[in-house]
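Here's the structure we're looking at; comments come further down.
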Amino acid sequence: MDATDAASEPRWIIHLPTTLTRLVEATALAVALRDSLGHVTAIDFGETTLSEEDRQFVRTRIWCDARLPDDARCPRPADHDGACGDETPRILAI
């Protein structure tokens, strides 16, 4: 299989239901998972979205994930103010 074949292969999504009832709690869990599993290259944390259990078609994006120089991605929160960058600001859970 060459790079062209790999690009045409479908990617699989893991839906991970939780018992959390607040968006801020689910966001904090997503941040904790990224912090602890960020070294696993098979996980694309930049594409992480959250949805309510009964409204899975309505998704909330967590990170910006815009392309940066050197094929990097913006790790800042979605809809952040200012320019994209390498700086990873803390997403606070209240």
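Every number here is computed from the coordinates shown, using simple stated rules; none is lab data. Keep in mind that what you see is a predicted model, and the values were worked out from it rather than measured.
What is the gain in length, in nm to one decimal, between residue 79 and residue 59 on full extension, counting 0.36 nm per residue of separation less the C-alpha to C-alpha distance? Each step should come with its number before you reach the end.
Working: separation 20, 0.36 × 20 = 7.20 nm, distance 1.40 nm.
Net length gain for the segment: 5.8 nm.
Overall size of region 9-85 from C-alpha positions, given as principal axis extents largest first: 38, 33, 25 Å.
Couplings for region 61-75, taken from phi via the Karplus curve 6.51 cos²θ - 1.76 cosθ + 1.60 with θ = phi - 60°, read 6, 8, 10, 4, 6, 5, 5, 10, x, 6, 6, 7, 10, 6, x Hz in order; Gly and Pro are left as x. The slack between residue 47 and residue 23, meaning 0.36 nm per residue of separation minus the straight C-alpha distance, is 7.0 nm.
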